[in-house]
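Following: one structure in structure tokens, then a few remarks.
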Amino acid sequence: MINVSGLNKSFNHFPALLDVNFSIKRSEVISVIGPSGSGKSTLLRSLNLLVKPDSGSLKIGDQQITAESLTYRQIADFRRQTSMVFQHYNLFRNKTALENITEILICARKFTKKEARERGMELLTQVGLSHKADAYPATLSGGQQQRVGIARALSVEPQVILFDEPTSSLDPEMRREVLNLIASLAERSLTMMIVTHEMSFARDVSDRIFFMEQGKIIEQGKPSQIFTAS
Ligand code: ADP
Ligand code: ADP
């Protein structure tokens, strides 16, 4: 479903990703862990080309690209395959919770306003926020904002959802509500990749864990293999 081969990315000659290779099957849930600066975020962003790799090839679904010969058309098409959930939610501040979802469906997926509203309400219901449809982000808690972010990510039915430290800005109580929501998505056969510092979540929810250090995946395996009893 996802295949990454020979991926490299440097920032000012500093290698953030060094010959990264992996495959992910449909419905797999992958947690990416590792120290700060090890390249987790760069890896995730490379998958939707928010970061443009220097070299390597990426395949998501039936679309394959090569970093050295990327066209704008390919980037646009490739981005449609993924959704990203950000640490700081990245909601439009001047749009309501519902509008944050309908906007993308109308612009990117050519839904009519009516269709977008219906789908948006359905998604807000799934994340337990139908009663906040008309609320602006500033009036929502961090956990609620992130649930809107997740509903928005789901709305376009991507091949894979990428989570970049989705709970790092939240206090413990809200962290729990967002982690529970992500865990419930994992049960729905969605393909997901999650950069996280939440070790118990990574252990309990992931099918596999990638452990990164200095731009490489130095270990990958089932949680039971990565978190061996010591
Ligand atoms: P992690 O997510 O594991 O904390 P990152 O992928 O954010 O690591 O960063 C990996 C390395 O690349 C770090 O040294 C970071 O400073 C550097 N880096 C990331 N993004 C940029 C950028 N846009 N410009 C320059 N350096 C960057
Ligand atoms: P995250 O919390 O997702 O790891 P960071 O705080 O590391 O994000 O980085 C935020 C933004 O700054 C990202 O777009 C990243 O690419 C960029 N960035 C990270 N490190 C550097 C750096 N050393 N120089 C320039 N930009 C950087």
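When peptides 34-43, 1-10 are ranked by their average number of other Cβ atoms within 10 Å per residue, the highest-first order is 34-43, 1-10.
Computed 3J(HN,Hα) for segment 118-132, one whole-Hz value per residue from the Karplus formula 6.51 cos²θ - 1.76 cosθ + 1.60 where θ = phi - 60°, is 4, 5, x, 5, 4, 5, 5, 4, 4, 9, x, 10, 4, 6, 10, glycine and proline marked x. Selection among L105, Q81, H197 by position relative to the dipole of the chain gives L105 as farthest towards the positive end (Cβ unit charges, Cα centre). Measure up K59/K222; K40/K132; K40/K114; K132/K222; K59/K110; K9/K95 against 27 Å on the Cα-Cα distance and list the ones that go over. From K59/K222; K40/K132; K40/K114; K132/K222; K59/K110; K9/K95, over 27 Å: K40/K132; K40/K114; K132/K222; K9/K95. Apolar share of the accessible surface for the chain: 48 percent from carbon plus sulfur atoms, 1.4 Å probe. Distant-in-sequence amide contacts of M84, defined by a placed amide H-H separation under 5 Å and a gap of 5 or more residues or a different chain, comprise L162.
The charge dipole of the chain, taken about its Cα centre with unit charges on the Cβ atoms of Lys, Arg (+1), Asp and Glu (-1) only, comes to about 540 debye.
For segment 110-198, what does the relative contact order come out to in percent, with C-alpha contacts under 8 Å and a separation of six or more?
29
How large is the dipole of segment 54-119 about the Cα centre if only Lys and Arg carry +1 and Asp and Glu carry -1, each at its Cβ, rounded to the nearest 20 debye? My answer is approximately 400 debye. If you run the Gaussian network model on the chain, springs between alpha carbon atoms under 10 Å, then out of N12, N180, N94 the most flexible one is N12.
About its Cα centre, segment 115-172 has a charge dipole of approximately 120 debye under the convention of +1 per Lys or Arg Cβ and -1 per Asp or Glu Cβ, with nothing else charged.
Across segment 80-147, the volume of the C-alpha convex hull divided among the residues equals 88 Å³ per residue.
Given Cα pairs under 8 Å that are at least 6 residues apart, what percent is the relative contact order of the chain?
28
Near V32, the amide H atoms lying under 5 Å from its own belong to I194, V195, T196, F210; only residues 5 or more places off or on other chains count, and H is placed 1.01 Å from N.
Accessible surface for the chain, divided over its residues, is 49 Å² per residue with a 1.4 Å probe.
Between the listed residues L140, S206, L162, the Cα displaced farthest toward the positive end of the dipole of segment 130-207, a dipole computed from Cβ unit charges relative to the Cα centre, is found at L140.
Taking every C-alpha pair closer than 8 Å and separated by at least 6 residues, the mean separation divided by the residue count of segment 1-89 gives a relative contact order of 29 percent. Taking the inverse of the mean 1/r over every pair of distinct Cα atoms in the chain gives a Kirkwood hydrodynamic radius of 18.1 Å. Highest mean packing comes first when the peptides 166-176, 209-219, 141-151, 61-71 are listed by Cβ atoms within 10 Å, giving 141-151, 209-219, 166-176, 61-71.
The values are calculated or read from the model by the stated rules, or taken from the named source; none is laboratory data. Everything quoted here is computed from the prediction, not taken from an experiment. Every residue, glycine among them, receives a Cβ derived from its backbone with ideal geometry; neighbour counts consider all protein chains shown. SASA here: full protein model, heavy atoms, side chains in, ligands and nucleic acids out. Shrake-Rupley method; radii C 1.70, N 1.55, O 1.52, S 1.80 Å.
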